[in-house]
Amino acid sequence: MNNDLHKKGNFTLPGEAGFEDLTLELAEKWGADAIRDSDGTVLSDKIISSAYNIYSTLCLIRIDNQWAKAHPDKLQQNYLMSYPVIAESDSVEINLLSGYFREQFKINANDNPKKWWQVFDRTTGEEIPAKRWSFNPEKGIVTVQDTKKWHKYTVNFLAYRIWEAISMYNHITNNWGDREHLMPIDPIYPETQKFILAYLEKWLKEHPRTKIVRFTSMFYNFAWFWGDSAELRFTYADWGSYEMTVSPYALHLFAKARGYELTSEDFVNNGSYCSSHNVPSRRLLDWMDFMNEFITGFGRKCIDLVHAAGKQAYMFYDDHWVGTEPYSDRFKDFNFDGLIKCVFNAFEARLCAGVQGVKIKELRLHPYLFPTGLKGEPTFMEGGDPARDARRFWANIRRGLLRAPVDRIGLGGYLHLVEGFGDFVETMTQIAEEFRILRGFHENDKPYTAPIKVAVLTAWGRLRCWVYVGHFIAGMELYELTESLAGLPVNVMFLSFDDILQNGVPKDCQVIINTGRVNSAWTGGDHWKNEKIIEVITDWVANGGGFIGVAEPSACQHNAQYFQLSHLLGVDREIGLTLNNGKIKFSVADEKHFIVQDVKGDIDFGNDINKVFVVDKDTKVLAEKEGSPRVAVHNFRKGRSIYLAGYKFTPENTRLLYRTLFWAAGRERDFGPWTCSNIYTDCAYYPKGKKLVVINSSDKSEKTKVFDSSGKSINVSLEPHGIKIMDM
């Protein structure tokens, strides 16, 4: 840990004018080779003229507020659905922005509401003809005539965003007072494109010391609608959806290019919007592809200017990343030099590490140097413990970095906030050194990986690898499960139902996982009504494949069964339609099955699915709760299936999942090499360098045994969140 090679480089430090001595002191202590500015900070001449590489952040859609004010019709827009109003007579008035944060939105009264808006009776689902409603632009009210008493009515309307969402969040979080509200301009318009390119070319000339232009990120932010109530500040947020890419002009271009028109309801979707948790419609996928094509094309023009100026271009894989689609085939066409991802967890580290078509991958660590965290909890302020937070987040991230490499790490925010938090400064010193060591092991080497390839089956497939629709959502089974997978020594891929229809199951795949709740994008919804999907997966399992279903796998209200693969899983779920049908009685298997050999005490899956019943007498139930199977295994011809009633990311469940993968693949005999006896510890073996890395992800001291490829055990003692590196 004290090798000088591990003390310098591959670290980006946020600098701050007015705190030059602190900036340069911490750059030296943390081994930074680059210094960046942040939203709300600038770098002084003393910092810029230092020996460090300079990152300059640039958000092209909020670069000039004066231009935005002079061109209000070029502001970005989105559709909003008014909050439902219940009719009590034959007419109803709907105040469009009621419930929304009026500092974020302004009704677009410029483009003909009768053409671009829609009014719905949400009780019947019927659209109200345009002749039955009118709009008062002065009052922001729509009046609907000939309404039905006690029916709910809503309006899908266009709104300009008059305060850019990320700047707004930073402004409010950091209490910037009366600082000017920045507005987002829309590059879909030729006039805006011309302005952005001219501004960027001028900016590049004015920043000769900048080596890396860090775009935040391209043009369109993830959907983030704010409310006017503290009790409901965020009315809708989805880090992967496209609501904020819409405008009448873009819709016109889409219709011209694709041959059909979209409507407001394609984006509002009964008030659930384009949520990534919903199965995407073909119309939505067409829109995403259309916008991705535009963003890639115009984005490349911007990046070409950066390269022509002799600089490098990095993209921040958050904020305005929507439409860039790093897991699409087009992403390489941007010609970015680097990608930066904000991370809390292992799955996010793997998300960044897996992107193709970009050379440098960098993680922006948490906690950010802000007074509070994302949920408003104290961080760099009284009551906060940023050192504890940093250790906890790093313990999660490090699991992923054992398996897949990134090139750099760094921080963001306001450096002066670390003053008074010396423990955090020392913690970051240790984290930076650990990262450099782990990074070095991946150079010309790969860690041992078990002979298993796992495919996670969702409606999104590869486009939403590692379930990227935001940071970790506790209780969502697929997030919980992928966090476990991110640190396991197995190969992981992501499949869509279209992939299976077009190409079948990949030949090198041994196990398919389907997990989540009914009708979600993660289980697949109506895709399970397609007989070809059932045929392909059933045939694959019959010939030796392994299928793992978690929570409500293959769930769809179709035919008499609920789990459409109940014949593989050996179980189904009672939803009230087959209450009078007899159910096979079962008992928990007496023998300690391979899957549960490391289980001690009760299994904690979090929110289990209940009312599961056995449909085949050969199904073995390994754990149950209140008469409902929690873990069940079932053989089908040459293949195997496993049902888990839920999933929660814990060390116990991660080990159970690891064993489940081996059993599903029929590879129990291969289980053991480079595993730890203590479930709170993980290891990775790098065969070329003959290096063994053992980590402790708990906040307590742990002892463990590591089993090598011959079965020999190696005793290791670890400090809380500790790491040991051994020559083998």
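The values are calculated or read from the model by the stated rules, or taken from the named source; none is laboratory data. Owing to the predicted nature of the structure, the values given are computational and were not obtained by experimental measurement. Backbone-built Cβ (ideal geometry, glycine too); neighbour counts: all protein chains shown. With ligands, DNA and RNA removed, areas are computed over all heavy atoms of the protein, side chains included. Shrake-Rupley method; radii C 1.70, N 1.55, O 1.52, S 1.80 Å.
Measuring from label point to label point, each 7 Å out along Cα→Cβ, what is the residue 430 to residue 618 span in nm?
5.3
Kindly sort 102, 258, 630 by accessible area of their heavy atoms, largest first, with the probe set to 1.4 Å.
Sorted by accessible area, descending: 102, 258, 630.
Checking the table 46/106; 115/152; 301/359; 453/688 against a 31 Å threshold on Cα-Cα, which pairs fail?
46/106
Summing Lys, Arg as +1 and Asp, Glu as -1, what charge do residues with Cβ under 12 Å from the Cβ of residue 660 carry, residue 660 excluded?
Every neighbour counted, the sum reads +2.
Between residue 270 and residue 134, what is the label-to-label distance in nm when each label sits 7 Å out along the Cα-to-Cβ direction?
3.3
Please list 341, 600, 453 from largest to smallest accessible area, probe radius 1.4 Å, with all protein chains kept in place.
Descending order: 600, 453, 341.
Among DSSP bridges having both ends in the chain, what percentage is antiparallel? Round to the nearest 5.
60
Hey, got a sec? Which GluC sites (Glu not before Pro) in region 595-654 land in a DSSP loop and have at most 11 other Cβ atoms within 10 Å?
Hits after loop and neighbour filter: 626.
So what's the net charge close to residue 441: Lys and Arg +1, Asp and Glu -1, counting the other residues with Cβ under 15 Å from its Cβ?
Overall, the nearby charge balance is +3.
Alpha carbon centre of region 513-534 versus region 93-170: separation in Å?
Going from one Cα centre to the other spans 34 Å.
Which FRET efficiency value, to the nearest 0.05, do you get for residue 448 and residue 592 by plugging their Cβ-Cβ distance into 1/(1 + (r/R0)^6) with R0 = 25 Å?
For residue 448 and residue 592, the calculated efficiency is 0.40.
When only C-alpha pairs under 8 Å and at least 6 residues apart count, what is the relative contact order of the chain, in percent?
Answer for the chain is 10 percent.
Using label points projected 7 Å from each Cα along Cα→Cβ, tell me how many nm separate residue 701 and residue 356, to one decimal.
4.8
Just checking my list (i) 38; (ii) 16; (iii) 13 against percent of Cα pairs over 51 Å apart computed from this structure; which label fits?
(ii)
What is the percent carbon and sulfur in the accessible area of region 439-515, measuring with a 1.4 Å probe over the protein chains and ignoring ligands?
That share works out to 47 percent.
Would you check the accessible area of residue 728, probe 1.4 Å, heavy atoms only, in square angstrom rounded to 10?
Approximately 90 Å² for this residue.
What's the ranking of 509-517, 382-390 by average number of surrounding C-beta atoms within 10 Å, highest first?
Ranked from most to least packed, the peptides come out as 509-517, 382-390.
Provide the FRET efficiency to the nearest 0.05 for the residue 20-residue 207 pair, computing r from the beta carbons and using R0 = 22 Å.
0.75
May I ask you to list the GluC sites (Glu not before Pro) in region 517-621 that are in a DSSP loop and have at most 13 other Cβ atoms within 10 Å of their Cβ?
For GluC sites (Glu not before Pro) across region 517-621 that sit outside H, G, I, E and B with at most 13 neighbouring Cβ atoms in 10 Å, the list reads 591.
Within region 494-516, which residues have the backbone N less than 19 Å from the label spot 7 Å out from residue 282 along Cα→beta-carbon, could you tell me?
Label zone hits: 496-504.
So if R0 is 56 Å, what FRET efficiency would residue 301 and residue 725 give, r being the distance between their Cβ atoms, rounded to the nearest 0.05?
0.75
Would you give the gap between the C-alpha center of region 359-431 and the C-alpha center of region 39-83, rounded to a whole Å?
Comparing the Cα centres of region 359-431 and region 39-83, I get a distance of 24 Å.
At 1.4 Å probe size, what's the solvent-accessible area of residue 49? Round to the nearest 10 Å².
For residue 49, the solvent-accessible surface is approximately 80 Å².
What is the total of Lys pairs in region 153-285 with C-alpha atoms under 24 Å apart, excluding same-chain pairs fewer than 8 positions apart?
4
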